[in-house]
1. Among the numbered criteria (1) touching a helix residue (DSSP H, G or I) at 6+ places or on another chain (Cβ under 6 Å); (2) under 30 Å from A:L79 (Cα atoms); (3) of a type in the set (K, R), which one does A:R150 miss?
2. Suppose we filter A:R83, A:R42, A:R68 for residues that are under 25 Å from A:T226 (Cα atoms), of a type in the set (K, R) and not in a strand (DSSP E or B); which single one remains?
3. Please go through the range B:74-110 and give me each residue that is within 30 Å of B:F37 (Cβ to Cβ) and either out of contact with any helix residue (DSSP H, G or I) (no Cβ under 6 Å at 6 or more places or on another chain) or surrounded by fewer than 22 Cβ atoms within 10 Å (Cβ to Cβ) (or both), ordered by number.
4. In the range B:101-110, how many are of a type in the set (A, V, I, L, M, F, W, C) and more than 7 Å from chain A (Cβ to nearest Cβ)?
5. When B:G76 is evaluated against the numbered criteria (1) part of a helix (DSSP H, G or I); (2) within 14 Å of chain A (Cβ to nearest Cβ); (3) modelled with pLDDT under 95, which criterion, by number, is the only one it fails?
6. Please find, within the range A:224-247, the residue that is surrounded by the most Cβ atoms within 10 Å (Cβ to Cβ) out of those that are outside any loop (DSSP other than H, G, I, E, B) and modelled with pLDDT of 85 or more.
7. A:L110 versus (1) away from chain B (no Cβ under 13 Å); (2) crowded, with 19+ Cβ neighbours inside 10 Å; (3) not in a strand (DSSP E or B); (4) not basic (K, R): which is the lone unmet condition?
8. So, of the residues in the range A:167-217 that are modelled with pLDDT of 90 or more and assigned to a loop (DSSP other than H, G, I, E, B), which turns out to be farthest from A:D26 (Cα to Cα)?
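The values are calculated or read from the model by the stated rules, or taken from the named source; none is laboratory data. Computed from a predicted model, the values in this text were never measured in an experiment. Positions of Cβ are generated from backbone atoms using ideal geometry, with glycine treated the same way; all protein chains shown enter the neighbour counts.
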Amino acid sequence: MDASAARQQKAAGPPPAIRITGLVKDYGRVRALAGIDLEVRRGEVFGFLGPNGAGKTTTIRCLLDLLRPTAGTVEVLGLDPRRDGMALRARLAYLPGELRLPERGTVRQLVASIGRVRGSLDPRRRDELAVRLDLDLGRRMRDLSSGNRRKVGLLLAFLADAELLVLDEPTNGLDPLMQHEFLALVREARDAGTTVFLSSHVLSEVRRAADRVAVLRAGTIIAVGTVDELRGRARQRVEAWFAGDPPVGELDRLPGLEARAIDGRRFSAVLDGPIQPLLDVLVRHPVESLVVEDPDLEEAFLDLYAGTPR
Amino acid sequence: MSGRRRQLVAGPFGAAWRAGLGWSVVFVLMIVGTVAFWPAFRDSTELGDMLSDLPPGLLEAFGMEDLLSPAGYLRGGLYDVVVPLMFAAAGVMFANSASAGEEDAGRLELWLAQPVTRQAVFAGRVVAVLGWLALLALVVLASQLVSDAAFGLEIADARVVDTVALCALLGALYAGLAFAVAGIAGRPGPVLALGLGLALVGYLVAALFPLSDVLEGWAWLSPWDWALGTDPLVSPAEPVRFVALATGTAALLAVGGIAFARRDVRSA
């Protein structure tokens, strides 16, 4: 980077935590990522949603330089993962989706080994995390259940004191109590200024943790926004009880109303679009009650994944 | 060595301790068991008569031309096939476990996600494997020297040192081959198939080519010929033999390291 570029960057503030442009990844003839553009801001918790096989892990492994992109660019904390991989990985911590740990030794020994490779280890923080995650540091690695192995991965990630946490399906195999503790750790990390990139197919987890989300389908990002924005893109269920007969003609002419049903004085439909035209009709007629069901993120997600992005 | 580098060596070295112990026990049993029969073999006239009836080509192929001398007995019983083949197999298996095996199991990812280069992780595993081969060489050397003294097999220590070192270097060469294949492919199947397969092919080339007038001049193609082509149990090995094996190993390791740094890392 030359001096003028450095000055411009300083004036514009730090680069985003993650900036992905036109990322393509092919495995032989199979295209896993078909041109992803994504930007994750510093200090936010970013949910990366998608069903299995959508390309979440492939994207994450490109961030870590475990995979080499077929095309496109990846920038993490302002660094190129391939050229500056070592410096970059000193500033981030990663929890793989398929976490495979050594079989030898105890949890404490593994944590110490990783500490030696990272160049630092805070024993007080280690012990605190072990207590919070209900993890026995003296247990032998080969005796750990899959849930406890996940806890080891979480402990290593949150122990790293990193600027960026990249967590791939972090709560796989954790019981609800530990999932709650995990969300608390994520919130604490965000409050401390850490950026969290959280890949998951568990919607409730993302809904509770993430500031913004991206939805990935078949290697393409089909929606990016806040949880509320994403929810707003989903279809709403509408039910109105009229004092008299429903104004069928006017309702039929309204755009975006699907699955219309009239049962006596009750009208119900699924609204796909803005609600204002419907409200304009309703205010001209005596309505006894009106129910508009706010879609949850799951509905939004399923709509998007079904191929009807809005 | 920094704590980081030490850890990158100590981890894979420690992970192989069971295999290292197993190979050590087998080597010791093989050597002690073979040398223990030397006094009976030396004093048996029937065996001498039987060997003299076998075709010279067969005796040469299996290193049994001079089976009643100490050097001939050791060569025929241990150092013509068994010990170098065991070193080659150990080298391939140690290298496979430390590289392609770990990658295939998804366990490399944990280390590659840390602030280290891929080359450093690869190099740490290479040093660990070479360390085990060196340790095995010491075990073989010690058990050979002790057994020789115990059972009255008279052979110069320097000849034994040369021979064991050449066998260990042959093992290192095949470990280098395994690391090269692992660096390129990252899968245990090709590593084991090519590593062990080429070790056997190398032995057959070195053993059988000299029996053919046409192929005799090509025996040098085999690393086995580089290591044991002139009998190091009888006469001092030329330095070029050590250099050739070490250079070949270094070249293969370089290929593996470069290939590993340039490709995708496989996940579990």
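1. Going through the list (1) touching a helix residue (DSSP H, G or I) at 6+ places or on another chain (Cβ under 6 Å); (2) under 30 Å from A:L79 (Cα atoms); (3) of a type in the set (K, R), A:R150 breaks only (1).
2. A:R42
3. Once the filter is applied, which keeps residues that are within 30 Å of B:F37 (Cβ to Cβ) and either out of contact with any helix residue (DSSP H, G or I) (no Cβ under 6 Å at 6 or more places or on another chain) or surrounded by fewer than 22 Cβ atoms within 10 Å (Cβ to Cβ) (or both), the range B:74-110 yields B:L74, B:R75, B:G76, B:D80, B:V81, B:V82, B:L85, B:M86, B:A89, B:M93.
4. Filtering the range B:101-110 down to residues of a type in the set (A, V, I, L, M, F, W, C) leaves B:105, B:108, B:110.
The next check asks that each one be more than 7 Å from chain A (Cβ to nearest Cβ); those that pass are B:108.
The qualifying residues number 1.
5. Only one criterion in (1) part of a helix (DSSP H, G or I); (2) within 14 Å of chain A (Cβ to nearest Cβ); (3) modelled with pLDDT under 95 is unmet by B:G76, namely (2).
6. Filtering the range A:224-247 for residues outside any loop (DSSP other than H, G, I, E, B) gives A:224-232, A:236-242.
So of that shortlist, the ones also modelled with pLDDT of 85 or more come out as A:224-226, A:238-242.
Values: A:V224: 16, A:G225: 15, A:T226: 13, A:V238: 19, A:E239: 14, A:A240: 21, A:W241: 15, A:F242: 19.
Here the residue is A:A240.
7. Condition (1) is where A:L110 drops out.
8. Among them, the one singled out is A:A192.
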